[in-house]
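Scroll down for the structure; my scribbles are underneath it.
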Amino acid sequence: MPTFELISHALCPYVQRAAIVLAEKQVEFTRIDIDLSNKPDWFRAISPLGKTPLLRVDGTQVIFESAVICEYLDETIGPRLHPADALDRARARGWIEMASATLNSIGGYYTAPDAAAFAAKAVDVRAKFAQTEAALGDGPYFAGDTFGLVDAAFAPVFRYFDTLDRFVQPSVLEGFPKLAAWRAALAVRPSVQGAVSAAYPALLEAFFRRRNSWLSGLMPRAA
Ligand SMILES: N[C@@H](CCC(=O)N[C@@H](CS)C(=O)NCC(=O)O)C(=O)O
């Protein structure tokens with residue numbers, strides 16, 4: 001088994017995908033968190049896009065892009081998390097892209113500068129959730145009984161709402177019963193729970209406050 005280092009950021013949802021996949025495969029790895037607002041020179045030197053996650057294999061080979069990292073791990077270490085059938089696999093890749101698009105919409109939501117933009121971004125996020133809700137079957141996971149790469153991609157999406165729902169009600173996720181059941185199934189999965197540190201909720205809350213966005217203004221100051 002090669003050695004694995006996951007070059008990470010404490011809040012990055014794309015890093016979480018790789019961490020979840022590594023945990024599902026019970027692979028030991030070293031996580032190295034960096035400050036993306038002050039990227040170290042060594043990171044710039046090995047990251048072609050300047051983004052986390054990177055997976056460094058055996059101390060030398062560096063893979064970038066979360067989807068590529070997850071597929072590499074899936075092709076080389078069992079159990080398989082992608083479906084065996086090519087058409088099912090293609091469909092799964094499409095929904096992983098939907099998870100990325102949803103993350104972009106969520107980014108627009110928590111940075112929206114005013115009430116109108118905030119409301120418009122909520123509509124944008126909900127439109128993506130409506131599409132995803134319509135694609136879900138009986139669960140508990142995206143493809144049914146088996147946890148897969150689509151689940152690893154959506155778990156970090158839902159994790160945002162563990163914090164957002166404390167400050168904004170009704171939740172942007174309100175009215176999507178299949179998504180609610182999926183979110184709950186993912187939240188209790190040990191690989192999902194272990195993909196962030198214990199400090200994550202406080203760090204995410206502080207990150208939202210620092211945006212000086214409409215959302216920041218909805219977050220009461222701690223007494
Ligand atoms: N498509 C990339 C997205 C990764 C990404 O956007 N990472 C963010 C942090 S969550 C990042 O490194 N941003 C720093 C930057 O863009 O300068 C992937 O799937 O790995």
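The values are calculated or read from the model by the stated rules, or taken from the named source; none is laboratory data. Remember, it's a predicted structure, so these values are computed and weren't measured experimentally. Every residue, glycine as well, gets a Cβ built from its backbone with ideal geometry; the counts of neighbours run over all protein chains shown.
Things worth noting here:
- Answer from Phe154, Phe161, Phe208 - the residue that is surrounded by 14 or more Cβ atoms within 10 Å (Cβ to Cβ), within 30 Å of Ala84 (Cα to Cα), out of contact with any Cys (no Cβ under 7 Å at 6 or more places or on another chain) and at pLDDT 95 or above: Phe154
- Pair list, Cβ < 9 Å and 6+ apart or interchain, from segment 34-51 residues that are on the phi > 0 side of the Ramachandran plot to residues that are surrounded by fewer than 11 Cβ atoms within 10 Å (Cβ to Cβ): Gly50/Arg44
- Of all the listed residues (Val21, Val15), the sole one being within 13 Å of the ligand (Cβ to nearest atom), outside the structural domain of Val196 (by TED's automatic domain parsing) and touching a Cys at 6+ places or on another chain (Cβ under 6 Å) is Val21.
- Glu5 vs. criteria charged (D, E, K, R) and either part of a loop (DSSP other than H, G, I, E, B) or in contact with a Ser or Thr (Cβ under 7 Å, 6 or more places away or on another chain) (or both): yes
- Single residue of segment 114-151 satisfying the filter (among the small types (Gly, Ala, Ser) and either assigned to a loop (DSSP other than H, G, I, E, B) or in contact with a Cys (Cβ under 9 Å, 6 or more places away or on another chain) (or both)) that is farthest from Val196 (Cα to Cα): Gly137
- Looking across segment 107-124, the residues that are in contact (Cβ under 8 Å) with a residue 60 or more places away in the chain, surrounded by fewer than 17 Cβ atoms within 10 Å (Cβ to Cβ) and aliphatic (A, V, I, L, M) come down to Ala115, Ala117.
- Residues within segment 24-47 that are within 11 Å of the ligand (Cβ to nearest atom) and in a loop (DSSP other than H, G, I, E, B), tallied: 4
- In the set (1) part of a helix (DSSP H, G or I); (2) under 26 Å from Ala187 (Cβ atoms); (3) within 13 Å of the ligand (Cβ to nearest atom); (4) not assigned by TED's automatic domain parsing to the domain that holds Gly194, the condition left unmet by Val68 is number (2).
- Residue identified as surrounded by fewer than 19 Cβ atoms within 10 Å (Cβ to Cβ), touching a Pro at 6+ places or on another chain (Cβ under 6 Å) and part of a helix (DSSP H, G or I) among Arg183, Arg89: Arg89
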